[in-house]
Amino acid sequence: MVVHVNDHSVIANSRWNPARCFMENLEKRSPVTSDSMPSRAPDATAPVIEIKNLYKSYGPLEVLKGVSITAPRGHVVSLIGSSGSGKSTLLRCCNLLEDSQHGEVIFKDEKVKWFGTGQARRPSDRKQVTRLRTNLSMVFQQFNLWSHMTILQNVMEAPVTVLGRDAKEVEQLARDYLDKVGIGDKADAWPAQLSGGQQQRAAIARALCMQPEALLLDEPTSALDPELQQEVVRVIKDLAGEHRTMILVTHDMSLARDVSDHVVFLHEGKILEEGAPDILFGAPKSDRLRQFLSATAPA
Ligand SMILES: Nc1ncnc2c1ncn2[C@@H]1O[C@H](COP(=O)(O)OP(=O)(O)OP(=O)(O)O)[C@@H](O)[C@H]1O
Ligand SMILES: [Mg+2]
């Protein structure tokens, strides 16, 4: 079984030490208890992930034109904007699923190292890339569960295979996370036997089971019909209530308003406005944002 570590992540509860962190993290895993949930610690606002002045193009198409965002520990940052504005690209640049041509990606004060410039720029330190990717757990619009594995196996796979954790311990953790997202009774079911909302909750449990530093969620509700969306929205609200660090790309403005500490409005690859949700949604400054919000408002 080939597992792509860039779809998964691990936790680092300890203070950041690039040399020791990864192994320490493996040792520090513990079952899901209220103690193991992130809380606003003294360093609660230390950035987990920072993007500085990032430029990204696909050939001649410039997609990100000097974007900077910060996701402080325990905060939820939402990216909103119209289709094609670069939200998914920005999220994927955060965990280096996409290359970028200029600017910095910084994970817990550690700058990503690059070689080459422009279109030839690539991360130069593979261990660093693995550390970053395994600390930022991604949830996709289309769930991406492995169809030949049960839900429990899906959730357990990466911690056991990628991180080399003890299967028994991981099984308990996986069951706890499945309970947490409300589908503990589906552990032995196959993905095809679950509704879309249940599959997405399984995908969130899978991301959580890596005990990540941060979750990156790319439109986690948009493939679902409204009723099923609510199941997933509830889970995301719970996670936000626990002060998990998240970057959330969403077209659901009421979700963004409810869960975010900070909202970023991307327009044509640039940040046009950003701020606290009440201000951004309550008093948008630019015509473009006003237009966008009125187009996305429920009828
Ligand atoms: N792999 C790719 N190759 C070429 N162009 C791409 C690629 N991925 C994205 N693009 C282009 O980059 C731009 C930004 O795409 P992106 O997926 O980031 O938008 P988005 O804001 O997430 O949109 P949506 O809300 O529809 O998901 C679009 O013009 C898209 O066509
Ligand atoms: Mg997208």
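For the stretch 44-70, a tally of residues being within 14 Å of ligand 2 (Cβ to nearest atom) and in a loop (DSSP other than H, G, I, E, B) returns 0. With respect to being among the hydrophobic types (A, V, I, L, M, F, W, C) and buried (at least 19 other Cβ atoms within 10 Å of the Cβ), Leu194 falls outside the description. Would you please name the residue that is farthest from Leu79 (Cα to Cα), looking only at residues in the stretch 216-238 that are buried (at least 24 other Cβ atoms within 10 Å of the Cβ) and aliphatic (A, V, I, L, M)? Across the stretch 216-238, the extreme among qualifying residues is Val232. Of all residues in the stretch 71-120, those that are more than 16 Å from ligand 2 (Cβ to nearest atom), among the charged types (D, E, K, R) and part of a loop (DSSP other than H, G, I, E, B) total 5. Tell me, yes or no, whether the stretch 134-150 has at least one residue that is surrounded by 23 or more Cβ atoms within 10 Å (Cβ to Cβ), modelled with pLDDT under 95, in a helix (DSSP H, G or I) and more than 16 Å from ligand 2 (Cβ to nearest atom). Taking every residue of the stretch 134-150 in turn, none turns out to be surrounded by 23 or more Cβ atoms within 10 Å (Cβ to Cβ), modelled with pLDDT under 95, in a helix (DSSP H, G or I) and more than 16 Å from ligand 2 (Cβ to nearest atom). Across the stretch 99-118, the number of residues qualifying as within 16 Å of ligand 1 (Cβ to nearest atom) and in contact with a Ser or Thr (Cβ under 6 Å, 6 or more places away or on another chain) comes to 0. For first residues located in the stretch 59-88 and over 16 Å from Leu216 (Cα atoms), partners that are among the acidic types (Asp, Glu) and within 11 Å of ligand 1 (Cβ to nearest atom) and lie 6+ apart or on another chain with Cβ distances below 7 Å form the pairs Ser85/Glu268. Output the residues belonging to the stretch 121-133 that are assigned to a helix (DSSP H, G or I) and closer than 13 Å to Cys94 by Cβ. Of everything in the stretch 121-133, those that are assigned to a helix (DSSP H, G or I) and closer than 13 Å to Cys94 by Cβ turn out to be Val129, Leu132, Arg133.
The values are calculated or read from the model by the stated rules, or taken from the named source; none is laboratory data. The structure displayed is predicted, hence computed values, not measured ones. Don't worry about glycine lacking a Cβ; one is built from the backbone with ideal geometry, like all the others, and counts go over all protein chains shown.
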